[in-house]
């Protein structure tokens, strides 16, 4: 949910903090820039005309989800989660902290979701250029 991570989001135009308004149907910066939150729960922070690349389509996301659910990449997701734990330990992050884990190119959220499950108190941000991935990401880890 956006309300759980709003404190770490910033306006991509000028870096000012974002806040949720109108029951988190929009995010607005201190400088007045506004970003609509899709009914599925994601927000596009790309400015202006958007992006030239659209990323994975709905079928690709569904196929990826099916493949990953089969456990084919389980060793990789375990290694990723272990690496995140190593970084948090090396940074001496307190056990009662609420680290924010951000995955760029998050796709289905498979790695992010697993890592969030393994790091107590963590919060996550999944970033992807695909609208279909964003829809999936918004609900992959309640």
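Taking 0.36 nm per residue of sequence separation and removing the Cα-Cα distance, the residue 97/residue 31 pair yields an extension gain of 20.8 nm. Relative to a virtual label point 7 Å from the Cα of residue 60 in the Cα→beta-carbon direction, which members of segment 73-107 show backbone nitrogen distances below 17 Å? Flagged as within label range: 104-107. For the chain, a Gaussian network of Cα nodes joined below 10 Å ranks 90, 58, 46 by mean-square fluctuation, and the top entry is 90.
Using the Cβ-Cβ distance between residue 38 and residue 67 with R0 = 25 Å, the FRET efficiency computed as 1/(1 + (r/R0)^6) comes to roughly 0.45.
Ordering 140, 102 from the fewest to the most neighbouring beta carbons within 10 Å gives 102, 140.
Full extension of the chain between residue 10 and residue 82 yields a length gain of 23.1 nm, computed as 0.36 nm times the residue separation minus the alpha carbon distance. Put simply, the Cα atoms of segment 58-140 extend 41, 24, 16 Å along their principal axes, the longest span coming first. Taking every alpha-carbon pair within segment 94-137, the share separated by more than 16 Å comes to 35 percent.
No value in this document is a laboratory result; all are computed from the given coordinates. What you are looking at is a predicted structure, and each value in this text was computed from that prediction instead of being measured. Here the Cβ is made from the backbone with ideal geometry for all residues, glycine too, and neighbour counts use every protein chain on show.
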